[in-house]
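Below: the structure, in structure tokens.
Derivation of every value follows stated rules applied to the coordinates shown; laboratory data play no part. All values reported here derive from a predicted model rather than from experimental measurement. Glycine gets a Cβ as well: all are built from the backbone with ideal geometry, and neighbour counts include every protein chain shown.
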Amino acid sequence: MAWVSKCLGVTTLLRELTDAPTDLLHSPRLLLQTVGLQFCIFVLDAFTLWLAFNAIGEVPPLWALFVSFAIASMVATIGPISVGLGTFEAASVGMLSLLGVSVEAALAGTLLLRELTFRLPMLPGIWLARREIRRSQPNRTDMRTWTNLLPILALGQACFVSQSTGPCKSTVDCRANLPT
């Protein structure tokens, strides 16, 4: 049993949790601030859902969008799939249809919301991550140059081999002699 906790990092996690400052847990100001900011996130995401519905031409009441977004977020959090992929959409469309929105509009609005709030913010992160990876590997351009030369070198070797058995008639002949 000890090897399981060591492999999964449970002991390190528990050690870090016990070393965490406990005075923050008893701070009513911090708790109120955290709850208020989380509520603002829900309101702004519900407003984004309302804007998505405005874009498709059907505008349900804002309270219905807030309720459906909150319940869909809870289902996505509790659900077994990471970041609620699929479970959020299903719960949102189901709640919106229960609250009187057509299924087609609910699906379109929910998918538009997920594109705007989930996938679109990933693009700058991907760009920044790739930039940092390139920055941390300064000799990557040298490797890219050698990688581009490998097929040419292999083609030359194949032509050399074929010249010992007979002259190459064309580059197609040489490519046929490439080692596999």
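Suppose R0 equals 25 Å. What FRET efficiency, 1/(1 + (r/R0)^6) with r the Cβ-Cβ distance, do L51 and L128 give to the nearest 0.05? The formula returns an efficiency of 0.45 here. Treating r as the C-beta distance of F39 and E115 and R0 as 35 Å, the FRET efficiency rounds to 0.90.
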